[in-house]
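A.B. asks: One structure is given below, represented as structure tokens, and several questions about it will come after.
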Amino acid sequence: MPEILEVEFYRRSAETVVGRPITAVHAPDRWFCKGGTTPEELKTVLPGARALELGRRGKLLLLHLDIGRTLGLRFGMTGRLIVDGQASVDELEYSPRRSDPAWDRFGLDFEGAMLRVSDPRRLGGVQLDPPVERLGPDALAISRTELAKALQASAPLKAKLLDQTAVAGMGNLLVDETLWRAGLDPARPARSLTPDEVATLHKTMRQTLKTLLRRGGSHTGDLQDQRHRGGLCPRDGTPLSRRQVGGRTTYSCPRHQH
DNA sequence: CCGGATGTTCACCT
DNA sequence: GAGGTGAACATCCG
């Protein structure tokens, strides 16, 4: 997916629909409707409603509607939000360049605007009143204290950062980039971090998200070009370690990440 | 041809 | 309960 940065771009690009009434609902894929939400319900509830504002919690995009309901959009790994027929994030590595209309899993028409979720692999989804409370603090807003609390676990540091109920928004690329910059070993038990290390991680995470947001996305990290077998640490030239941590392929520098 | 890829959920173990 | 693993989703790429 889109990790938190891409979803933030989606949120911004979709601002254009605020205040406009929904005129039509496209929900051709029942499987894409999650958590008890059905195409029939969406087509009954949504027409006529207006978006009051757009929100986001981690990777979950939220349309707060004037009918007291909230529509949640998830993008999985390959989902894209298309606004007014134009993809808002062009360089989504694992999405095909051109979007096939057959991959439109959900869409809303507004007066003078439209949204489409194009998702080849169908890993995303749409849900009315999604359980936002199950997500941890948003990675772009989390405090040091909240981060420290999220790391009170024996699981690997990386696993907790990927756990959306602990911290919402971090994905595989952002976690590897952040831990590489912070000099922290992804496999360390989360709760083994000292208060100083938590402070460093917090500062580094904020700086990393800010920088990569400015650069244009999760794939613009300094580590990105070396995320392959035989890759070298951009900082010290050491061959990178490649292993599974928290169930995901993980690149880290054995020399400067501890 | 095969493996793996910015993700989440669930079943099934330990 | 916590944590780990593998499957499922479906397409593209090296």
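Every number here is computed from the coordinates shown, using simple stated rules; none is lab data. Keep in mind that this is a model prediction, so the values were computed, not measured. Note: ideal-geometry Cβ built from the backbone for every residue, glycine included; neighbour counts use all protein chains shown.
A.B. asks: How large is ³J(HN,Hα), in whole Hz, for each residue of the range A:36-48 in order, when computed from phi with the Karplus curve 6.51 cos²θ - 1.76 cosθ + 1.60 and θ = phi - 60°, using x for Gly and Pro?
C.D. replies: These are the phi-based 3J(HN,Hα) values: x, 6, 10, x, 4, 5, 4, 6, 7, 7, 7, x, x Hz.
A.B. asks: Which of the DSSP-defined H helices in chain A satisfy a minimum axial length of 20 Å, computed from C-alpha atoms, and a minimum mean Kyte-Doolittle hydropathy of -1.0? Before the final figure, lay out each step's value.
C.D. replies: Working: long enough: A:195-215 (30 Å, -0.78).
What comes out of the filter, once short or polar helices are dropped, is A:195-215.
A.B. asks: Also: For chain A, with the dipole built from +1 on Lys and Arg beta-carbon atoms and -1 on Asp and Glu ones, taken about the Cα centre, which of A:228, A:137, A:77 lies farthest toward the positive end?
C.D. replies: Checking the options against the dipole of chain A, the answer is A:228.
A.B. asks: Could you let me know the centre-to-centre spacing of the range A:158-187 and the range A:1-63, using Cα atoms, in angstrom?
C.D. replies: Cα centres, the range A:158-187 to the range A:1-63: 27 Å.
A.B. asks: Now, a different point. Starting at the first residue of the range A:127-142, write each ³J(HN,Hα) from the Karplus equation 6.51 cos²θ - 1.76 cosθ + 1.60 with θ = phi - 60°, in whole Hz, x for Gly and Pro.
C.D. replies: 8, 7, 6, x, x, 4, 5, 7, 8, x, x, 5, 4, 7, 10, 5
A.B. asks: Taking the convex hull of the Cα atoms, report for the range A:148-222 its projected area averaged over all directions, in nm².
C.D. replies: Working: hull surface 17.2 nm².
Here the figure is 4.3 nm², rounded to one decimal.
A.B. asks: Mind jotting down the three principal axis lengths of the range A:207-258 based on Cα atoms? Whole angstrom, largest first.
C.D. replies: Rounded to whole Å, the extents work out to 28, 27, 21 Å.
A.B. asks: In nm, give the distance between the simple-model label positions of residue A:100 and residue A:40, each being 7 Å from the Cα along the Cα-to-Cβ direction.
C.D. replies: About 3.0 nm separates the two model spin labels.
A.B. asks: Against the globular-protein guess of 2.2 N^0.38 Å, express the Cα radius of gyration of chain A as a ratio, rounded to two decimals. The partial results should precede the final answer.
C.D. replies: Values: Rg = 19.2 Å, N = 258, 2.2 N^0.38 = 18.1 Å.
Taking N as the residue count of chain A, the ratio is 1.06.
A.B. asks: Another question about this same structure. I'd like the distance separating the alpha-carbon centroids of the range A:210-226 and the range A:228-243, in whole Å.
C.D. replies: Here the answer is 17 Å between Cα centres.
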